[in-house]
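Take a look at the structure below.
The values are calculated or read from the model by the stated rules, or taken from the named source; none is laboratory data. Everything quoted here is computed from the prediction, not taken from an experiment. A quick note on method: Cβ atoms are made from the backbone with ideal geometry, for glycine too, and the neighbour counts reach across all protein chains shown. We work out accessible area using only protein heavy atoms, side chains counted, and drop any ligands, DNA or RNA first. Shrake-Rupley method; radii C 1.70, N 1.55, O 1.52, S 1.80 Å.
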Amino acid sequence: LSLSLPPSLSSGEVGNYKRTVKRIDDGHRLCNDLMNCIQERAKIEKAYAQQLTEWSKRWRQLIDKGPQYGTVERAWVAMMTEAEKVSDLHHDMRTNLMNNDFEKVKNWQKESYHKQMMGGFKETKEAEEGFKKAQKPWAKKLKELEAAKKSFHMACKEEKLASAREANSRAEASVTADQQKKLQEKLEKCRQDSQKAREKYERSLEELNHCTPPYKDGMELVFEQCQQFEDKRLDFLKEVLLEVKGHLNLAENQSYAAVYRELEHTIKSASPEEDLKWFDSMHGPSMHMNWPQFEVQQEKPAPHAPETQIGRFLQTYSGDRGSVSSYEKNQAYTASTEWSDEDQTAADSGNDTNGGSNPFDEDVGKGVRVKALYDYDGQEQDELSFRAGDELTKLEEEDEQGWCKGRLDNGKLGLYPANYVEPI
């Protein structure tokens with residue numbers, strides 16, 4: 001690509017320095033373009049990082065819930081791990097582009113270009129005024145030269161016409177001697193005017209040539225200042241582009257290379273033979289089999305209350321209900337209400353007040369209302385199922401195995417663990 005300009009566009013001609021001045025304004029605009037370029041790339045990196053994260057999350061769940069198993073499953077999941085780590089790297093790339101490269105261009109632009117109150121930049125105005133000052137004397141002489149040149153060409157044209165008329169008059173008999181004389185005088189005057197115009201033109205050219213060296217020196221000085229300013233901009237642009245390249249080139253990132261070394265190791269470590277062996281031991285002929293044997297029916301002990309709830313159960317009864325008794329080693333805790341003599345007396349007096357009969361005597365025959373402390377799902381057909389907080393009726397006292405017979409509100413009869421309820 002040639003950077004030379006045709007002679008007609010030489011910067012030495014009047015007004016052609018404006019392209020050099022405009023380059024300063026273009027430099028400021030190019031800084032904005034570079035910042036927009038970096039910002040758009042950062043948005044792309046951010047979106048890509050988010051897409052990788054979403055893709056990894058979705059497929060990790062699908063693989064976890066899918067039928068794949070063993071070491072090959074771990075190798076497959078390793079691709080999700082790779083995506084998450086690469087997502088982090090692209091997020092870091094976005095951060096570097098915006099926090100380092102973008103901000104660097106923004107700060108350099110602010111330091112290099114100074115806006116004026118009336119618009120434009122100080123650097124542009126100084127360059128334009130420098131060119132105008134260097135060009136003004138030479139432009140004035142050039143204008144005089146152009147006027148002298150035009151006058152000389154007009155005088156030459158008049159001389160040529162006068163010479164042609166005088167020559168034609170000698171060939172015509174109708175032209176009198178006086179007319180011939182006037183034509184000759186006119187021709188002579190045109191020759192004199194042409195000579196004077198020529199001398200003026202030559203003198204103007206000589207004066208212009210005399211002004212040319214200082215004019216060239218002045219213009220070159222201002223131009224060199226513009227070149228130095230542009231050289232700083234180009235060097236800075238090159239520096240930023242190299243930094244952007246460093247942030248974009250993940251091949252130079254050690255963490256990026258480590259991600260794929262780890263992925264390759266995980267995939268190569270997958271063993272189809274080991275997976276097949278595991279499946280055989282878990283679901284194939286090699287799996288353990290409980291073959292049928294002669295069994296004697298045994299009494300089924302009641303299940304223990306959930307371990308995480310026993311502490312709270314004990315605390316509730318010891319603090320609010322009274323004492324809690326422990327029956328056997330394999331039985332859970334049940335609550336019993338202790339009545340003092342005074343309480344019993346008060347209760348008896350209450351019964352006397354009500355006519356000497358207990359209003360709950362009828363319920364005793366039908367059972368005692370109890371409230372479930374924990375959830376319980378019946379394991380056999382003769383067992384009840386309920387949820388913590390449900391109410392049911394205890395029909396019989398606890399047996400030696402810790403079971404009670406009860407009835408749900410829907411009328412279903414069955415057994416339930418005695419330590420899963422409390423009296424209401």
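List of remarks:
- Residues in region 141-296 average 77 Å² of solvent-accessible surface per residue, probe 1.4 Å, ligands and nucleic acids excluded.
- Calculated SAXS-style log₁₀ I(q)/I(0) at q = 0.16 Å⁻¹ - region 122-217, Debye, Cα scatterers: -0.74
- Residue-level accessible surface for residue 126, protein heavy atoms, 1.4 Å, Å²: 100 Å²
- Relative packing of peptides 87-99, 277-289 - highest average C-beta neighbours within 10 Å first: 87-99, 277-289
- D (Stokes-Einstein, µm²/s), Kirkwood Cα radius, region 212-257, 1.567 mPa s at 4 °C: 96 µm²/s
- Reachable aspartates and glutamates from residue 182, criterion Cα separation under 19 angstrom, eight or more residues apart if same chain: 158, 159, 166, 172, 193
- Counting only residues at least eight positions apart within a chain, or on another chain, the lysines with an alpha carbon under 24 Å from that of residue 143 are 18, 132, 133, 157, 196, 200, 216.
- Straight-distance candidates among the lysines for linking to residue 43, with alpha-carbon spacing under 27 Å and chain neighbours fewer than 8 residues away dropped: 57, 85, 104, 106, 110, 238, 245.
- Of the accessible area of region 122-217, computed with a 1.4 Å probe over protein heavy atoms only, carbon and sulfur atoms account for 51 percent.
- Three-way shape label, region 368-423, alpha-carbon gyration tensor, a/c 1.5: rounded
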